[in-house]
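The next block holds one structure in the form of structure tokens; read it before the comments.
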Amino acid sequence: MHIFLGPAGIPLTTKGPSTVDGIRRVAELGLNAMEVEFVRGVHMSIATAKEAGVVARDANVVLSIHAPYFINLCNPEKAAASKKRILDSCERAYHLGAWVVVFHPGFYGALEKTKAFEMVLSECEAMNETLLANGWDVKLGLETTGKPSQFGTLDETMAIHHKIKNCIPAVDFSHIFARDAGHIDFHEVLKKMEALGMDRHHCHFSGIEYTMKGERRHLTIDSNQPDFPALAKGLLKTKIRNITIISESPVLEKDSMKMLEILKQEGYAWKK
Ligand SMILES: [Zn+2]
């Protein structure tokens, strides 16, 4: 098993402000993954994406992208702008060499869950056609979301994957925990992930505060909600081949390094 660890966005201890500075810092820290954050909008030029892609390849840092938060594929009035934000992210991903673009698919709103599913599915089909037409070899990562009002249970994201192979569940363990009011069965989640037979997985982890409405804010992994050592133990028993775990903790890279220590304690032989 290969595990790729790194922060959501450039490390807090990065000296410069750029993505390239962030990638170099990730490598310096001995980590090997970074999520490029477009959560407030896609502002990176194609030239910058290409340049950062070269640096990441040289530094052996696996890149992914988080698309903007302002996405709702379940609302016909917002679907076109949402797709554009995701596809703009995918174009940058292609030039960065980022293999997956993660996004929160949408909100059920007044829709029946089956109707919301159909809408997400048809918008994903349309986006996938654009990816193919442009030759952008990038996966659409449907994130498991942290609020019961949002589309994105693990089963929903898996069902989309079964219809469109290029759409993959991006498992946010903390969101599953928060959405289910402080509960996650790691064994069950990992079994489902393993059963997908995917060559690589992309995940998010942090501690998380929640209410009955789901996620409230991210916490450090010291909070033990959910319990990272339990995830590490379970993960190392699976047949999953490649997995990235992005730290969304308030201390970002510090918790990636803590994850690495915990994985080593559980017997993982780290190869950067
Ligand atoms: Zn997210």
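Short-range pairs are left out: with C-alpha atoms under 8 Å and at least six residues apart, the relative contact order of the chain is 19 percent.
Cα centroid separation, the range 7-30 to the range 208-231: 24 Å.
Spacing of the modelled spin labels on A110 and R57, each 7 Å from Cα toward Cβ, amounts to 5.1 nm. Farthest towards the positive end of the charge dipole of the chain, among the residues Y268, I164, H204, is the Cα of Y268, using unit charges on the Cβ of Lys, Arg, Asp and Glu.
Each label was represented as a point 7 Å from its Cα along the Cα-to-Cβ direction; for A181 and E261 these points are 3.5 nm apart.
Using the rule -39500 (n - 2.57) for each DSSP H run of four or more residues, divided by the residues of the chain, the 222 nm mean residue ellipticity is -13500 deg cm²/dmol.
For the options E209, E125, E112, a Gaussian network treatment of the chain with springs between C-alpha atoms closer than 10 Å singles out E112 as fluctuating the most.
Among G214, G182, G16, the largest mean-square fluctuation in a Gaussian network model of the chain, built with springs joining Cα atoms closer than 10 Å, belongs to G16. For the chain, the Cβ-based charge dipole about the Cα centre amounts to some 300 debye (Lys, Arg positive; Asp, Glu negative; other atoms uncharged).
DSSP beta bridges confined to the range 2-265 are antiparallel in about 20 percent of cases.
In the range 1-145, a dipole from Cβ-located charges (positive for Lys and Arg, negative for Asp and Glu) runs towards its positive end, and of F117, V26, V102 it is V26 whose Cα lies farthest in that direction.
Protection proxy ranking, highest mean first, for peptides 219-232, 68-81: 219-232, 68-81, where packing is the per-residue count of other beta-carbon atoms within 10 Å, averaged. Net charge of the neighbourhood of I46, taken over other residues with C-beta under 9 Å away and scored Lys/Arg +1, Asp/Glu -1, is +1. Taken along the Cα-to-beta-carbon direction at a fixed 7 Å, the label points for L12 and A126 span 4.0 nm.
Here, each number is a calculation from the coordinates, and none is a lab measurement. The model shown is predicted, which means the values in this text are computed figures rather than measured ones. All Cβ positions, even for glycine, are placed from backbone atoms using ideal geometry, and neighbour counts span all protein chains on display.
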